[in-house]
Amino acid sequence: ERVTPSGITVQPVYRPNDAQTDYEQDLGDPGRFPFTRGVQPTMYRGRLWTMRQYAGFGTAAETNRRFHHLLGAGQTGLSVAFDLPTQMGIDSDSPRALGEVGRVGVAIDSVEDMHVLLAGLPLDTVSTSMTINATAAILLAMYIVVAEERGISRDKVSGTIQNDVLKEYIARGTYIYPPGPSLGLIAEIFRFCATEVPNWNPISI
C-alpha cells in the first residue's frame, strides 16, 4: 500500500469512475480552462520550455554583457537577479546601501540603468523574468519605458515579475509597505498587466 506523507492512500492507477468530476469544469482539454492538463494543447512537444539562467551582478553594463553571452550560448530567455538595495527601493548611493550594491544581483536605480541593462537585447522576442517583489511595480514600469523608447509596444514584451510580497514577510524581510497596501498594489499590477501588457505574467509564487 502506498500512502502520501499525509497518510492518504494512493492507488496504482486512477480511472474516470474513481472520482465524481465534471470534465469541462474540473479537468478540461489540454490548453483550455481550467488548465489542469497544461497551458498548451501539445505542451512541450509543440513549444519547448524557456531556458534561462538566473544572472545579475555588479553594474547594469556587466550584467548586460553576461546576458549577451548567455543568449549567444543558446539561452532562450533572461532571468534578472537584483541586488538587495534595488529589492528594497534604496538608491545605490544611500548610506543604507553601503556594502550591498551589486553584491547578490545587479544594481538598478533609474530608467537609464535599465536601458544599459537591456541594451541590444531583443525585448520583443525574448521573455524576461525579474525576481523582484517589493519594488516589482517600479521595475516593471522601467522595463516598459525602455521597450517603448525603443519602439516596442507593450503587447510585444513578455516576461514575469515575482511580485510575491508575502514571501518577504514570511521568509526574507525585504518588504517596504505593510501587507495590506502591498497586496493592494499587487492587485493593481494584475489589472494593469491584463489590459496593458497581456503577455506579461504579473506574479510568480
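Within segment 8-29, residues that are closer than 22 Å to Gln40 by Cα reach partners that are of a type in the set (S, T, N, Q) and surrounded by 10 or more Cβ atoms within 10 Å (Cβ to Cβ) with beta carbons closer than 8 Å, at six or more positions or on different chains, in the pairs Asp26/Thr36; Leu27/Thr21; Leu27/Thr36; Gly28/Thr36.
When Pro5 is tested against (1) at pLDDT below 90; (2) over 28 Å from Asn163 (Cβ atoms); (3) part of a loop (DSSP other than H, G, I, E, B), exactly one condition is not met: (1).
Checking the structure you have, find out if any residue of segment 80-99 is open to solvent by 10 Å² or more (accessible area, probe 1.4 Å) and under 18 Å from His68 (Cα atoms). No, there is no match, as no residue in segment 80-99 is open to solvent by 10 Å² or more (accessible area, probe 1.4 Å) and under 18 Å from His68 (Cα atoms). The set of residues in segment 156-205 being open to solvent by 70 Å² or more (accessible area, probe 1.4 Å) and of a type in the set (Asp, Glu) consists of Glu188, Glu196. Entry remark, segment 100-142: residues being open to solvent by 40 Å² or more (accessible area, probe 1.4 Å), among the hydroxyl-bearing types (Ser, Thr, Tyr) and touching a residue at least 12 places away in the same chain (Cβ under 8 Å) number 0 in total. Residues of segment 32-76 that are over 21 Å from Leu117 (Cβ atoms) and among the hydroxyl-bearing types (Ser, Thr, Tyr): Thr36, Thr42, Tyr44. Within segment 161-185, take every residue that is under 13 Å from the mean Cα position of the chain (by Cα) and among the aliphatic types (A, V, I, L, M) and give me the one that is nearest to Ala141 (Cα to Cα). Among those that are under 13 Å from the mean Cα position of the chain (by Cα) and among the aliphatic types (A, V, I, L, M), it is Ile161.
Screening Asn64 with (1) open to solvent by 50 Å² or more (accessible area, probe 1.4 Å); (2) polar (S, T, N, Q); (3) under 23 Å from Leu84 (Cα atoms) gives one miss only, at (1). Please specify each residue of segment 16-52 satisfying the condition of being open to solvent by 100 Å² or more (accessible area, probe 1.4 Å) and of a type in the set (S, T, N, Q). The answer is Asn17, Gln20, Gln25.
The values are calculated or read from the model by the stated rules, or taken from the named source; none is laboratory data. All values reported here derive from a predicted model rather than from experimental measurement. Virtual Cβ from ideal backbone geometry, glycine too; neighbours counted across all protein chains shown. For the accessible areas, the whole protein counts, side chains as well, though only heavy atoms, and no ligand, DNA or RNA atoms are used. Shrake-Rupley method; radii C 1.70, N 1.55, O 1.52, S 1.80 Å.
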